[in-house]
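Working notes, structure below.
The values are calculated or read from the model by the stated rules, or taken from the named source; none is laboratory data. The model shown is predicted, which means the values in this text are computed figures rather than measured ones. Glycine gets a Cβ as well: all are built from the backbone with ideal geometry, and neighbour counts include every protein chain shown. With ligands, DNA and RNA removed, areas are computed over all heavy atoms of the protein, side chains included. Shrake-Rupley method; radii C 1.70, N 1.55, O 1.52, S 1.80 Å.
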Amino acid sequence: MTVNNSPALLEIVNLSHSYSRNGGAEPVLRRISLSIRAGELVCLIGRSGCGKSTLLKIVAGFLAPTQGQCLLAGKRIVKPGPDRCVVFQEDALFPWLTVRENIAFGLGGSSGTQRRLETERLIDLVGLEGYGDYLPRTLSGGMKQRVALARVLIRSPQILLMDEPFGALDAQTREEMQELLLRLAQKRNQTILFVTHDVQEAVTIADRALVLDRDSEQIGATVPIALPRPRNRSSHDFQDLCARLHALLRQP
Ligand SMILES: Nc1ncnc2c1ncn2[C@@H]1O[C@H](COP(=O)(O)OP(=O)(O)OP(=O)(O)O)[C@@H](O)[C@H]1O
Ligand SMILES: [Mg+2]
């Protein structure tokens, strides 16, 4: 999916973050620098509490870093914006809106035929044909995440930020969602920063995995995942990469 010589879209420069706690400062991220090219799918992995969600929130503009900066297409990120969209694990759809209305909500104030056409196109794209009139409570977990994905894709963000979006799904649904995401990402040359605990998920979808280390609060390793697609989970190369990432996560 990666175009190797495409320019950097997201640049994180010398970024540190501390939360204030009990009158003191608790460091979480320390002097992190990285860049993500346009069209690249990068997975951020790391043990619980290492700061993955914190980094994503900073890129989303929900949280200002203590030090350093993030640039998107050369422009400093200072607040949330339509060029960045986030999908969380349990995405909060509006319970009183139908699938169609939830997805159209992403388009904001635009109205009319174009809005309707675009909404129907997205419903089809995520495989929810026929479910436009359903309310979220009548959908399965996988279907809700399809709506969550459509709702952000309709905004054509420059970068999609995903925080364990498939973490609550059963194994089979999770694999279907990974395939769907890959298809859509490829079709739209979508840049994605994807947080996951799951090493196998990272090796299935990523062009590159970044291992965030809880003790040093830095990116401990960058591992290119240069396997052909679609990836064969039973191949030696696939298993080797999983083992390598597991070992990196386990490092004291
Ligand atoms: N709002 C906050 N105020 C104070 N401390 C926080 C806040 N949010 C997170 N932290 C702390 O910062 C650290 C990193 O949290 P973060 O949620 O970024 O981790 P994570 O890598 O996403 O973990 P997980 O894999 O469990 O989701 C943790 O020690 C957490 O307790
Ligand atoms: Mg998290």
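Of note:
- Any helices (runs of 4 or more DSSP H) falling wholly within the stretch 41-139 and containing at least 1 residues that are touching a helix residue (DSSP H, G or I) at 6+ places or on another chain (Cβ under 6 Å): 99-105, 113-125
- Scanning the stretch 47-73 for residues that are away from ligand 1 (no atom under 16 Å from the Cβ), touching a residue at least 60 places away in the same chain (Cβ under 8 Å) and open to solvent by 10 Å² or more (accessible area, probe 1.4 Å) turns up Leu71, Ala73.
Residue by residue, here is whether (1) away from ligand 2 (no atom under 16 Å from the Cβ); (2) within 20 Å of Ala150 (Cα to Cα); (3) in contact with a strand residue (DSSP E or B) (Cβ under 9 Å, 6 or more places away or on another chain) holds:
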{"site": "Gly68", "(1), (2), (3)": "yes, no, yes"}
{"site": "Lys79", "(1), (2), (3)": "yes, no, no"}
{"site": "Phe94", "(1), (2), (3)": "yes, yes, no"}
{"site": "Ala104", "(1), (2), (3)": "yes, yes, no"}
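- Residue check, Asn5 more than 14 Å from Leu161 (Cα to Cα), within 13 Å of ligand 1 (Cβ to nearest atom), modelled with pLDDT under 95 and among the polar types (S, T, N, Q): no
- Set Ser110, Ser20: member being surrounded by fewer than 17 Cβ atoms within 10 Å (Cβ to Cβ), assigned by TED's automatic domain parsing to the domain that holds Lys144 and modelled with pLDDT under 95: Ser110
- Selection from the stretch 30-46 of residues that are within 13 Å of ligand 2 (Cβ to nearest atom) and out of contact with any Leu (no Cβ under 6 Å at 6 or more places or on another chain): Ile45
- Listed by first and then second residue, the pairs with beta-carbon distance under 6 Å, at least 6 apart or on different chains, first residue in the stretch 138-163 and touching a residue at least 12 places away in the same chain (Cβ under 8 Å), second acidic (Asp, Glu) and away from ligand 2 (no atom under 16 Å from the Cβ), are Pro157/Asp83; Gln158/Asp83.
- In the stretch 224-252, the residues that are among the basic types (Lys, Arg) form Cβ pairs under 8 Å with partners that are not in a loop (DSSP other than H, G, I, E, B), at six or more places apart or across chains, as follows: Arg229/Leu182; Arg231/Val203; Arg231/Thr204; Arg231/Phe238; Arg233/Gln200; Arg233/Thr204; Arg244/Val223.
- Taking the criterion of being touching a residue at least 60 places away in the same chain (Cβ under 8 Å), within 17 Å of Ala185 (Cα to Cα) and not acidic (Asp, Glu), the residues of the stretch 198-223 that qualify are Ala202, Ile205, Ala206, Arg208, Ala209.
- Residue list for the stretch 157-203, filter: open to solvent by 10 Å² or more (accessible area, probe 1.4 Å), farther than 22 Å from Arg84 by Cβ and outside any loop (DSSP other than H, G, I, E, B): Ala171, Gln172, Thr173, Arg174, Glu175, Glu176, Glu179, Gln200
- Residue in the stretch 16-39 that is away from ligand 1 (no atom under 16 Å from the Cβ), in contact with an Asp or Glu (Cβ under 9 Å, 6 or more places away or on another chain), in a loop (DSSP other than H, G, I, E, B) and under 19 Å from Phe194 (Cβ atoms) present: yes
- Matching residues, the stretch 184-197, being farther than 19 Å from Lys144 by Cβ and either free of Cβ contacts under 8 Å to residues at least 12 places away in the same chain or away from ligand 1 (no atom under 16 Å from the Cβ) (or both): Ala185, Gln186, Lys187, Arg188, Asn189, Gln190, Thr191, Ile192
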